[in-house]
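Chemist: Structure in structure tokens, see below.
The values are calculated or read from the model by the stated rules, or taken from the named source; none is laboratory data. Fair warning: this is a prediction, and the values are worked out from it, not measured in the lab. Here Cβ is always computed from backbone atoms with ideal geometry, including for glycine, and neighbour counts include all displayed protein chains. With ligands, DNA and RNA removed, areas are computed over all heavy atoms of the protein, side chains included. Shrake-Rupley method; radii C 1.70, N 1.55, O 1.52, S 1.80 Å.
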Amino acid sequence: MDLTTRKTISLQSLRTRPSGDRPVRRSLFRRLLRWGGFAFIFLAAIVFGGFLHFADSITTLKPPLEPKADAIVVLTGGYQRIDQAVELLRTGAGNRLLISGAHPTTTPTQIRKLTQSSASLFSCCVDIGYDALDTIGNAREAAKWIHARGYKSVLVVTNNYHMPRSLAELKYVDPSTDFIPYPVVNSDLKAKNWFTDPNALRTMISEYAKVLLAGARNLTGLGRPVGLRSRQPAEDDD
């Protein structure tokens, strides 16, 4: 075999090698794409299934028939919640009430008049917390109040769609207290066809996303804001 023949064979082999590698690369890329698609579909199914479970638990959540605890905590967000909490206090479901997350400009007299409660009930048994900015802040403010008074069981009053996240934050900050949910049922979520109401559906999706975020944050301990106007350090979590 002369030199010219060897060069010809060498050039032919160099030309044919890349074309032999292309099917392998394409096959690997297609497999990665396929498995990535399967993983995405699986993850989407888990998230969607979780949302259905969340929605079912919210729409079927009911308050206990004979609520009783050492104290009551209501998370502000509407006077319907406060009305219900004050009524629980009046009927003896708890010995004392904390209204957590009130706006600094709101006075006890304003709340008392809006709930049509007696001055004696408010003066003896109602505390108003002004420090909480959000649900995390509510949990920290409530935990501080609970520990200061030595309560072991607490009724938690908030809207039914807000209850899962509220309980998650409260138990994260204060795992030793027995928190008993007392949901205030949102009228838009009573109907069986709530998913056809854009506002109700938007509320449910938004709250479910917040529940997932809260779960990831509580699991990792990362990205957890203070949630208090006083900007106290996160030592209250311990």
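Chemist: Can you pull out the residues in segment 165-181 that are among the β-branched types (V, I, T), in contact with a Lys or Arg (Cβ under 8 Å, 6 or more places away or on another chain) and not in a loop (DSSP other than H, G, I, E, B)?
Modeler: V173
Chemist: Which residue pairs have Cβ atoms under 6 Å apart, sit 6 or more places apart or on different chains, and have a first residue in segment 205-234 that is without any contact (Cβ under 8 Å) to a residue 12 or more places away in the chain and more than 30 Å from F195 (Cα to Cα) and a second that is open to solvent by less than 40 Å² (accessible area, probe 1.4 Å) and of a type outside the set (S, T, N, Q)?
Modeler: G223/R217
Chemist: Quick one: in segment 154-181, of everything that is in contact (Cβ under 8 Å) with a residue 60 or more places away in the chain and hydroxyl-bearing (S, T, Y), which residue is most open to solvent (accessible area, probe 1.4 Å)?
Modeler: Top of the filtered list is Y172.
Chemist: Moving to a separate point now. Only residues that are open to solvent by less than 20 Å² (accessible area, probe 1.4 Å), assigned to a helix (DSSP H, G or I) and not β-branched (V, I, T): list them for segment 132-153, please.
Modeler: Residues satisfying the conditions are G137, N138, A139, R140, A142, A143.
Chemist: Ok, one more. I'd like the full set of residues that are over 21 Å from H162 (Cα atoms) and either free of Cβ contacts under 8 Å to residues at least 12 places away in the same chain or touching a His at 6+ places or on another chain (Cβ under 7 Å) (or both), limited to segment 67-91.
Modeler: If the condition is that a residue be over 21 Å from H162 (Cα atoms) and either free of Cβ contacts under 8 Å to residues at least 12 places away in the same chain or touching a His at 6+ places or on another chain (Cβ under 7 Å) (or both), then T91 is the only one that fits.
Chemist: Also, I was wondering about something else. Across segment 97-124, what is the total count of residues that are without any contact (Cβ under 8 Å) to a residue 40 or more places away in the chain and either assigned to a loop (DSSP other than H, G, I, E, B) or within 29 Å of the chain's Cα centre (by Cα) (or both)?
Modeler: Summing the residues that are without any contact (Cβ under 8 Å) to a residue 40 or more places away in the chain and either assigned to a loop (DSSP other than H, G, I, E, B) or within 29 Å of the chain's Cα centre (by Cα) (or both) in segment 97-124 gives 14.
Chemist: Out of all the residues in segment 52-110, which are of a type in the set (D, E, K, R) and open to solvent by 60 Å² or more (accessible area, probe 1.4 Å)?
Modeler: Hits for segment 52-110 are D56, K62, E66, K68, D83, E87, R90.
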